[in-house]
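Trainee: Pasting in a structure now, in structure tokens, and then I'll have a few things to ask.
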Amino acid sequence: MKNKILFVACLLTGLMFINSGLNKFFNYIPMPEDLPEEVMTMFEAMMTITWLMPLIAIFEIIGGVLLIIPKWRALGILILVPLMVGILAHHITLGDYNPVPFVMAAILIWAGFENKERYLPIIKS
């Protein structure tokens, strides 16, 4: 039962990362009109680095797909955790305590603990 719940949680989290990555390429989710000035300044600064958003999008898509596939989940977690740290830092520093990124981070941590035996060779070497 626990494996099924973990699979569904990883499936939904992976699909959210895939959706976010695809949105960076195709821009099908409109930006809210009422964003604070700090957020707009930050987005404008990030957009001046032309290669940054496509790189993040590629990692989100690849990590999301790997997170869904149980055999490759550990690699997907390794790809997504640095992105998730950036997402959490963004939300915390701006005071936006939307629960979705925190739930996604909790799912990644849970999936990481369930795959801890796959990380032991990295730690031991």
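The rows are residues; the columns are (1) touching a Phe, Trp or Tyr at 6+ places or on another chain (Cβ under 9 Å); (2) under 27 Å from PHE113 (Cα atoms); (3) assigned to a helix (DSSP H, G or I); (4) not small (Gly, Ala, Ser).
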position: LEU11; (1), (2), (3), (4): no, yes, yes, yes
position: ASP34; (1), (2), (3), (4): no, no, no, yes
position: MET42; (1), (2), (3), (4): no, no, yes, yes
position: ALA57; (1), (2), (3), (4): yes, yes, yes, no
position: GLU60; (1), (2), (3), (4): yes, yes, yes, yes
position: VAL65; (1), (2), (3), (4): yes, yes, yes, yes
position: PRO82; (1), (2), (3), (4): yes, yes, yes, yes
position: TYR97; (1), (2), (3), (4): no, yes, no, yes
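Trainee: Residue by residue through segment 90-114, note down the ones that are modelled with pLDDT of 95 or more and closer than 23 Å to ILE58 by Cβ.
Mentor: Within segment 90-114, VAL100, PRO101, MET104, ALA105, ILE107, LEU108, ALA111, GLY112 meet the criteria.
The values are calculated or read from the model by the stated rules, or taken from the named source; none is laboratory data. Only a predicted model underlies this, so the values are computations on that prediction, with no experimental measurement involved. All Cβ positions, glycine included, derive from the backbone under ideal geometry; neighbour counts span all protein chains shown.
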